[in-house]
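Student: First the structure, which I've put down as structure tokens, then a few questions once you've had a look.
The values are calculated or read from the model by the stated rules, or taken from the named source; none is laboratory data. Source: prediction; values computed, not measured. Cβ coordinates were reconstructed from backbone atoms using ideal geometry, including for glycine residues, and neighbour counts include every protein chain displayed. Accessible surface areas use protein heavy atoms only, side chains included; no ligands, DNA or RNA. Shrake-Rupley method; radii C 1.70, N 1.55, O 1.52, S 1.80 Å.
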Amino acid sequence: MSTVAERVGVDPERLWAGGVATALVALVVGSLVLPETVYDGFIWHYFWGPVQADANSAVCAIRPGSTVEYLYSSQACASAAEPVAYPGYTLVSEVGYMVTLLVALTGVVFLLRRLDLGTDREFFYALLPFVFFGGALRVVEDANDAVPAADALITYPLNTLFISPIIYFTVFALTLVAVVATIWASRAGLVERYDRLLFGVGSVVLVVTLGYLFSLFLTGAEGVEFYPQVLGTVLVGATITAGVTWWLIERFAPAVNEGTGRIGFVILWGHAIDGVANVIGLDWMTALGAGPNLIPKHPVNQFVVDVTGSLLPASVLAVTGDTWPFLLVKLVAATFVLWVFEDEIFEESPRYTMLLLVAVLAVGLGPGTRDMLRATFGV
């Protein structure tokens, strides 16, 4: 089979770089030539505006002329002239971020190929603390919103670096720096194995982040609590549900996990963390004596809650809550992903496959860590 370079006559790395550069130039030139259409109506409306609105705790942000104003009532937002940007995601932004993720993963594959890295499974495990770190770092911004402005560690515009989806780029950049630095240290003979050092670096930044959150509670910061029963319940519940799912796979459908092996359990556990954290945070905080139940932060969570609430009678919901189907959805989706990753995929494109597995873990464990810690610290 011919390579990409042979088929198109261009080195794939140069093709990737040229495509990225062309897209960036088109956006920059378009923003200068047609600012109201390209920047205001597209870039700001769907991507940057929602981040600004979230960073300023506004209901929405508007862009009259070349300025940005923040509105704090739903009525004012509904009557405002477009473009109006609301915190959160839209269909356009989700597609845009999905494309950006795929392009970024391709670029990282090229980098890993140059570094001769990323084909072994130790690379996956070494990145595990950074996934936890991403979720914990997002809770730092949540906590900053909860405490009085005078006690906030980060304020606008710096806090935009810690708001979804910008935080993904922030964590990605920090992780990339750590990967390159640990590889250099290994090849310079300073350490024997880069993966252990990388795991250690990730663990240190995670501990520092958790330490800051815990310090808010110890210093009596207003709006921050500590509920260890929530943390314990989520971790135990996720481990049990992931373990049962893993046993069922191994017992009745072992072919599902032939490709991923033990990585499969880690992915199941990561998505179980997300599912259980949502069930506890949205339905069982009061029952655990951990303050009021939280409000869904993601459209999928809200959709599951709304559908369950519309299908089950109130007498059943009073006992089960309305978030538990989200855990089932997460476990089924994770199991399907494991089934997709067959042995042949690892053999044909090991680096891209390993990065995809990290991404699959991140979209479960990252938000799950955030939801777990939000509930634990009451923010």
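Student: Quick check on region 328-335. Is at least one of its residues among the polar types (S, T, N, Q), closer than 16 Å to Asn257 by Cα and surrounded by 15 or more Cβ atoms within 10 Å (Cβ to Cβ)?
Tutor: yes
Student: Residues of region 64-76 being under 15 Å from Pro50 (Cβ atoms) and either open to solvent by 50 Å² or more (accessible area, probe 1.4 Å) or part of a helix (DSSP H, G or I) (or both), which ones?
Tutor: Selection gives Glu69, Tyr70.
Student: So, one more: Assess whether Leu231 counts as being in contact (Cβ under 8 Å) with a residue 24 or more places away in the chain and among the aliphatic types (A, V, I, L, M).
Tutor: Yes.
Student: Just give me the residues in region 159-173 being part of a helix (DSSP H, G or I) and surrounded by fewer than 18 Cβ atoms within 10 Å (Cβ to Cβ), in sequence order.
Tutor: Across region 159-173, the qualifying residues are Leu161, Ile166, Phe169, Thr170, Phe172, Ala173.
Student: Among the residues that make up region 272-286, is at least one of them hydroxyl-bearing (Ser, Thr, Tyr) and surrounded by fewer than 24 Cβ atoms within 10 Å (Cβ to Cβ)?
Tutor: Looking through region 272-286, at least one residue is hydroxyl-bearing (Ser, Thr, Tyr) and surrounded by fewer than 24 Cβ atoms within 10 Å (Cβ to Cβ).
Student: In region 28-53, how many residues are open to solvent by less than 70 Å² (accessible area, probe 1.4 Å) and either under 14 Å from Ser66 (Cα atoms) or touching a Ser or Thr at 6+ places or on another chain (Cβ under 8 Å) (or both)?
Tutor: 16
Student: Turning to a different aspect of this structure: Is it the case that Val307 is at pLDDT 80 or above, more than 13 Å from Ile263 (Cβ to Cβ) and β-branched (Val, Ile, Thr)?
Tutor: On the way: at pLDDT 80 or above: no; more than 13 Å from Ile263 (Cβ to Cβ): yes; β-branched (Val, Ile, Thr): yes.
No.
Student: With respect to Ser79, is the statement that it is at pLDDT 90 or above and surrounded by fewer than 15 Cβ atoms within 10 Å (Cβ to Cβ) true?
Tutor: Details: at pLDDT 90 or above: yes; surrounded by fewer than 15 Cβ atoms within 10 Å (Cβ to Cβ): yes.
In short, yes.
Student: With respect to the numbered conditions (1) at pLDDT 80 or above; (2) part of a helix (DSSP H, G or I), which one is the sole condition not fulfilled by Thr260?
Tutor: (2)
Student: Same structure again: Restricting region 99-156 to residues that are of a type in the set (D, E, K, R) and within 15 Å of the chain's Cα centre (by Cα), which is nearest to Phe172 (Cα to Cα)?
Tutor: Taking the candidates together, the pick is Arg138.
Student: For region 85-119: of the residues being among the β-branched types (Val, Ile, Thr) and either touching a strand residue (DSSP E or B) at 6+ places or on another chain (Cβ under 6 Å) or under 30 Å from Ala188 (Cβ atoms) (or both), which is surrounded by the fewest Cβ atoms within 10 Å (Cβ to Cβ)? Can you show your working first?
Tutor: In the first step, residues of region 85-119 are kept if they are among the β-branched types (Val, Ile, Thr); the result is 90, 92, 95, 99-100, 103, 106, 108-109, 119.
Cutting the leftovers down to either touching a strand residue (DSSP E or B) at 6+ places or on another chain (Cβ under 6 Å) or under 30 Å from Ala188 (Cβ atoms) (or both) gives us 106, 108-109, 119.
Details: Thr106: 17, Val108: 19, Val109: 22, Thr119: 15.
So, considering only residues that are among the β-branched types (Val, Ile, Thr) and either touching a strand residue (DSSP E or B) at 6+ places or on another chain (Cβ under 6 Å) or under 30 Å from Ala188 (Cβ atoms) (or both), the one surrounded by the fewest Cβ atoms within 10 Å (Cβ to Cβ) is Thr119.
Student: Let me ask something else about it. For region 136-151, check the following and say yes or no: at least one residue is open to solvent by less than 20 Å² (accessible area, probe 1.4 Å), assigned to a helix (DSSP H, G or I) and either acidic (Asp, Glu) or on the phi > 0 side of the Ramachandran plot (or both).
Tutor: yes
Student: Going by the structure shown, is Val20 touching a residue at least 60 places away in the same chain (Cβ under 8 Å) and farther than 28 Å from Ile154 by Cβ? Step through it out loud before you land on a result.
Tutor: Numbers: touching a residue at least 60 places away in the same chain (Cβ under 8 Å): yes; farther than 28 Å from Ile154 by Cβ: yes.
Considered against the rule, which asks whether it is touching a residue at least 60 places away in the same chain (Cβ under 8 Å) and farther than 28 Å from Ile154 by Cβ, Val20 comes out as yes.
Student: Here is a follow-up. Any idea which of Thr119, Thr106 is assigned to a helix (DSSP H, G or I) and of a type in the set (Ser, Thr, Tyr)?
Tutor: When all the criteria are applied, what remains is Thr106.
Student: Another one. For Phe123, state whether it is under 27 Å from Arg14 (Cα atoms), aromatic (Phe, Trp, Tyr) and open to solvent by 80 Å² or more (accessible area, probe 1.4 Å).
Tutor: It is false that Phe123 is under 27 Å from Arg14 (Cα atoms), aromatic (Phe, Trp, Tyr) and open to solvent by 80 Å² or more (accessible area, probe 1.4 Å).
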